[in-house]
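The values are calculated or read from the model by the stated rules, or taken from the named source; none is laboratory data. Just so it is clear, the structure is predicted and the values come from calculations on it, not from any experiment. Positions of Cβ are generated from backbone atoms using ideal geometry, with glycine treated the same way; all protein chains shown enter the neighbour counts.
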Amino acid sequence: MWKIISAMTGILTLGNFVQGAELKPEWTSFKLSDQGQMELSFSAHSGQTYVIEASDDLAVWQVVSDPIVSSDAATDWIAPEDDAPHQFYRLAQFDRNAMRLQFDQNRQLWNEQALSSYQYVFNWSCFCLPEYTAPVNIKVEGGEWTGISLVHDGVPVIEKDWKRYKTIEELFDIIDEAFLQDAKEITTTYDSDLGYPMSVFIDYDERIADEERGFNVKLEAQPSIQLMAEIPDAASSDAFRLLEANVSGDLLELEVEYGGGCREHLFEIIADPNAFLESDPVQANIYMTHESNNDLCRALVRKKLTFSLQPLKEAFRALYPNANSLTLNIHGFRSDGGGTGLTVPFDVDP
């Protein structure tokens, strides 16, 4: 109850913290959400950008929200969980210089990742045709696009339509151009770990209808080996051939061949973390599964796959802290390890 009363006090005393707007921002309500979190609402002049700051002593304030662009309606915000016995909140205007600094910092953070192989889900948000705004999965290998498919059914996008979409670097360029052209409204949210823009909205001129646009991005982490205490006796695994296997650092690089070409095919690798084979060097059986998504096409497709071995490495280290080499036996899915497969060495750093 003390936390609720303190938040209410903050609303009453700090409601008009920001000066200079045509309509001063004003806290309009607060309540507890169904999850027990504080939910605040404020009203302000439409198009102004604010951040919410928090303090437990009214002396030291910390930004606890992404930039929020107010609209004609009340703006809602849910406070993050906090162990402090009481908390005060206030609004502060977020200026373009701060936004530009935030942009530069996140662009630098993204560049520092130096990622060359990854995949991300992307969609435009605009008054456009559905085929233009439909979410797609974009795969990047060696810094180049290698495939784009629709998220809802896995159907590949024909290559002549790839020009509809943007690389992460080009998305940063779009935001940069909005700053240079002094767009009326720029709203951005960045991934805190990798720096890429997750959600962006840009309106160059509020007097022109339907010219605003935005986009959403969700970078998918490198797929990892799945650790299961019991390898299933049977799985829905479609036919494929394992052509090549190599280990580079903690990454397992595979090349497979299968029939299809009209759907996105899914591959996983599975291992039992407690079933290492006692030998010198120690061995581990790895099983591959393949889901064709009912692809009825019959083209012969070759595909390169990359999986992180980090989870297996950690399990191996826990059981064999002094060993630094592991042999990987890679099989088409069979719980008994039968069938043809490939064997590759995995040098585990001490």
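Of all residues in segment 49-101, those satisfying the criterion of being polar (S, T, N, Q) and out of contact with any strand residue (DSSP E or B) (no Cβ under 7 Å at 6 or more places or on another chain) are SER71, ASN97.
Pick out the one residue from LEU296, LEU319, LEU312, LEU326 that is touching a helix residue (DSSP H, G or I) at 6+ places or on another chain (Cβ under 6 Å) and either over 12 Å from LEU227 (Cβ atoms) or outside the structural domain of SER117 (by TED's automatic domain parsing) (or both).
So the residue among LEU296, LEU319, LEU312, LEU326 that is touching a helix residue (DSSP H, G or I) at 6+ places or on another chain (Cβ under 6 Å) and either over 12 Å from LEU227 (Cβ atoms) or outside the structural domain of SER117 (by TED's automatic domain parsing) (or both) is LEU326.
Do we have LEU171 as in the same structural domain as ASP205 (by TED's automatic domain parsing), closer than 30 Å to SER292 by Cβ and among the hydrophobic types (A, V, I, L, M, F, W, C) here? No, not satisfied. Among the residues of segment 125-137, is any within 30 Å of PHE307 (Cα to Cα), in a strand (DSSP E or B), at pLDDT 85 or above and in contact with a Phe, Trp or Tyr (Cβ under 8 Å, 6 or more places away or on another chain)? Looking for residues that are within 30 Å of PHE307 (Cα to Cα), in a strand (DSSP E or B), at pLDDT 85 or above and in contact with a Phe, Trp or Tyr (Cβ under 8 Å, 6 or more places away or on another chain), one finds at least one in segment 125-137, hence yes. Figure legend. Inter-residue proximity from segment 88-104: first residues closer than 21 Å to TYR196 by Cβ and free of Cβ contacts under 8 Å to residues at least 60 places away in the same chain, second residues surrounded by fewer than 17 Cβ atoms within 10 Å (Cβ to Cβ) and of a type in the set (A, V, I, L, M), beta-carbon distance below 8 Å, spacing 6+ or different chains. Indicated pairs: PHE94/VAL51. Search segment 164-188 for residues being among the aliphatic types (A, V, I, L, M) and part of a helix (DSSP H, G or I), and hand back the single one that is surrounded by the fewest Cβ atoms within 10 Å (Cβ to Cβ). Out of the qualifying residues, it is LEU180. The residue that is surrounded by the most Cβ atoms within 10 Å (Cβ to Cβ), counting only those in segment 114-145 that are within 28 Å of GLU253 (Cβ to Cβ) and among the small types (Gly, Ala, Ser), is SER117. Per the conditions (1) of a type outside the set (Lys, Arg); (2) within 25 Å of PRO156 (Cβ to Cβ); (3) touching a strand residue (DSSP E or B) at 6+ places or on another chain (Cβ under 7 Å), the sole criterion not satisfied by LEU296 is (3).
Please indicate, with yes or no, whether at least one residue in segment 150-158 is in contact (Cβ under 8 Å) with a residue 60 or more places away in the chain, part of a strand (DSSP E or B) and over 21 Å from SER65 (Cβ atoms). Yes; the residues of segment 150-158 include at least one that is in contact (Cβ under 8 Å) with a residue 60 or more places away in the chain, part of a strand (DSSP E or B) and over 21 Å from SER65 (Cβ atoms). Report, by residue number, each residue of segment 83-124 that is of a type in the set (Lys, Arg), at pLDDT below 90 and touching a helix residue (DSSP H, G or I) at 6+ places or on another chain (Cβ under 6 Å). Hit for segment 83-124 is ARG90, nothing else.
Residues in segment 88-113 that are more than 29 Å from ASP182 (Cβ to Cβ) and either among the aliphatic types (A, V, I, L, M) or surrounded by fewer than 17 Cβ atoms within 10 Å (Cβ to Cβ) (or both): GLN113 alone.
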